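Quick notes on the structure that follows.
The values are calculated or read from the model by the stated rules, or taken from the named source; none is laboratory data. What you see is a predicted model, and the numbers here were worked out from it, not measured in a lab. Don't worry about glycine lacking a Cβ; one is built from the backbone with ideal geometry, like all the others, and counts go over all protein chains shown. For accessibility, only protein heavy atoms count, side chains too; no ligands or nucleic acids. Shrake-Rupley method; radii C 1.70, N 1.55, O 1.52, S 1.80 Å.
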Amino acid sequence: MICLTLSGNTLSSCLDEIRQNREYIDMAELRLDLLDPEEQLKAASFPEQAGIPLILTMRRKEDGGRCTLSEKERRQILLSALDGDFSYIDIEEDIKRNEVEDKAREKGVRIIRSFHDFSGIPDDIYSRIYRLSERGDVAKAAVTPHSIHDLLKLFRIADELKDVPKIIIGMGDWGIPIRILYRKAGSLLTFACSGEAVAPGQVSAKDLKLLYRADRVDERTGIYGIIGNPVLHTSSPLIHNLGFHAINYNAIYLPFLVDNVRIFFALAEYLRMRGFSVTIPFKDSVLMYLGNISREVKQIGACNTVVRMPGMWKGMNTDYYGFLNPILKDIESGRIHNALVIGAGGASQAIVWALRNRGVKVTILNRTLTRAEKLARLNICEYDTLDNASKYEGKVDLVVQTTSVGLYPDFDISPIDFHFTGKEIAYDIIYKPRMTKFLRDAEAAGCTLHYGEEMLLDQGKLQFELFTGYHYPKDAAPGL
Ligand code: ATR
């Protein structure tokens, strides 16, 4: 079940939240502690108006909520709310059996026994969940993973407690995969927010339902993802999940924040993942864990696509194709003979290789000359410093921008001071924003433009084929 955590301070704003999210959710949690005091007293009327199963919760400050009342006052408010027909009530681990629990039991309200740990994962998590499950109908543990190792630990604990009715939540960015794969972890439900997250790392109800289809994950669902750091901003989940939906392919693709590639591979094995994308900064470090690599990966020295093969992982590179595809016709027609590539970081490796592989003459311009020199040597091309950019004005057919300069929110900077003649093709691999300062300068001169989102989509489409064996469905990712 997808459970919306209501964040309003009045019952009517909570009702609005339910209405806005109704099609994405199975139930909601009414957080009395977030309501204004006079609204708390009217909570008993809420279940009838809400029309969906509800969890009743009054979270104390020490558990991450806002309630600072005495225990007696809190009990009184909960007791009065229990006059309404709530489906569940959340009672914290340390609260001894009292009249709230008695009333809930009498009324057939199911008891969630919970604990929160905002600092980490307690050593005794296993026994605590087990004990809580015996004191209520469902045990809930909301803990805070700080690494990919912690995330793996949580999945393992969930597995060991397979037969225990429970909800395991990984708070914060590291916990996002277990929130999305809640069914894989055997959790009764996952908590979602309507827009703004109420708890750290929460995913919106709309994304859980429509983008991830988290409530449909079953034993046979193929698990795919993307590893990176940072990674939560990427558009790849959109590309792949929409592709899966369009061809009715039972699979899910989600972001994994990673700090240690080796441990991620253990998690990928544990989840029986079928494949994953790799982004900055792991395109090189992933190589040593692969049993097989494609010719392109060998030559480029970077891998952005990993797929499961019998007994090993295979690494491929679709970045070079994603980059090349939008300009392939211009290369084949002879319009592009020579190119200026700005930047010599990770992203430009595949680009320089792709251009050289197609016989385009390349000059690499980089702020740090030694890096440009190294990449130029590998690919047999020229190099220079950024300061000399003007030397190449009017002499190149293609200018490619591969640095991070101009990336959101820096709308107004470009790495080069370059006068376009208007005959060049300008290509920026940044996709947020779509129109960078570099491209605006080129457009003002009348150049043909290519956008980062073209590369992103084309590399994703080929990756989709490698993941699934199917062509990427036409028009599955509109707006990209
Ligand atoms: P990665 O290697 O992961 O792609 P990176 O090390 O940040 O990321 O390199 C990206 C590219 O952006 C490099 O070419 C880098 O130039 P240096 O080799 O001189 O570091 C370039 N870059 C980053 N910030 C820059 C800036 N402010 N001005 C010019 N170039 C910049």
Would you work out which of M435, N229, F264 lies farthest towards the positive end of the dipole of the chain, given +1 charges on the beta-carbon of Lys and Arg and -1 on that of Asp and Glu, about the Cα centre? F264
With angles folded into 0 to 90 degrees, how steeply does helix 148-160 sit against the dominant principal axis of the chain? Use alpha carbons for both and round to 10. 40 degrees
Report, to the nearest 10°, how far helix 369-379 tilts away from the longest principal axis of the Cα atoms in the chain, using its own Cα long axis and a range of 0 to 90°. 80 degrees
Normalised alpha carbon radius of gyration of segment 340-414 [divisor 2.2 N^0.38 Å]: 1.05
Rolling a 1.4 angstrom probe over the protein heavy atoms, how many square angstrom per residue are accessible across the chain? 44 Å²
Tell me which of I2, L54, F115 sits at the most positive position along the dipole axis of segment 1-115, charges placed on C-beta atoms (Lys, Arg +1; Asp, Glu -1). F115
Directionally averaged projected area (convex hull, Cα atoms, segment 326-456), nm²: 6.8 nm²
Which one, S294, C381, L324, is farthest towards the positive end of the dipole of segment 270-403 when Lys and Arg carry +1 and Asp and Glu -1 on their Cβ? S294
Can you flag which of K283/K391; K96/K140; K395/K432 are past 27 Å Cα-Cα? K283/K391; K395/K432
Lys, Arg +1 and Asp, Glu -1 on Cβ, resulting dipole of segment 1-115 about Cα centre, debye, nearest 20: 180 debye
Report for the chain the percent antiparallel among DSSP-assigned beta bridges with both residues inside it, nearest 5. 10 percent
Taking Cα atoms, how many degrees apart are the long axis of helix 71-81 and the longest axis of the chain, rounded to 10 and kept between 0 and 90? 90 degrees
Roughly how many debye, to the nearest 20, is the charge dipole of the chain about its Cα centre, given +1 on each Lys and Arg Cβ, -1 on each Asp and Glu Cβ, and no other charges? 1340 debye
How long are the semi-axes of the equivalent ellipsoid of the chain, defined as square roots of 5 times the Cα gyration tensor eigenvalues? Whole Å, largest first. 51, 24, 19
Candidate residues R213, R135: accessible-area rank, largest first, probe 1.4 Å: R135, R213
Segment 326-456 - percent of accessible surface contributed by carbon and sulfur, probe 1.4 Å: 49 percent
Rounded to the nearest Å, what's the spacing between the alpha carbon centres of segment 71-112 and segment 12-43? Just the number, please. 18 Å
Compute the separation of the alpha-carbon centres of segment 464-478 and segment 202-221 and state it in Å as a whole number. 19 Å
In whole Å, largest first, what are the principal axis extents of the Cα atoms in segment 82-143? 37, 19, 16
Kirkwood Rh and Cα-based Rg: tell me the resulting Rg over Rh for segment 135-219, rounded to two decimals. 0.95
Protein-only accessible surface order, largest first, of K153, K474 at 1.4 Å: K474, K153
Binned at 10 Å starting from 0, the alpha-carbon pair-distance distribution of segment 195-314 in whole percents comes out as 12, 42, 35, 10, 1
Under unit Cβ charges (Lys, Arg +1; Asp, Glu -1), what dipole magnitude, rounded to 20 debye, does segment 326-456 have relative to its Cα centre? 380 debye
List the aspartates and glutamates whose Cα sits under 17 Å from the Cα of K437, skipping any in the same chain fewer than 8 residues away. D410, D412, D417, E424, D428, E453
Cα gyration tensor shape for segment 23-73, rounded if a/c is under 1.5, else prolate or oblate: oblate
With loop defined by DSSP as not H, G, I, E or B, and exposure as at most 10 other Cβ atoms within 10 Å, which is the longest segment of the chain clear of exposed GluC sites (Glu not before Pro)? 220-480
Starting from the Cα of K42, draw a straight line to each of the aspartates and glutamates and keep only those under 16 Å, dropping any in the same chain fewer than 8 residues away. E29, D33, E73, D83, D85
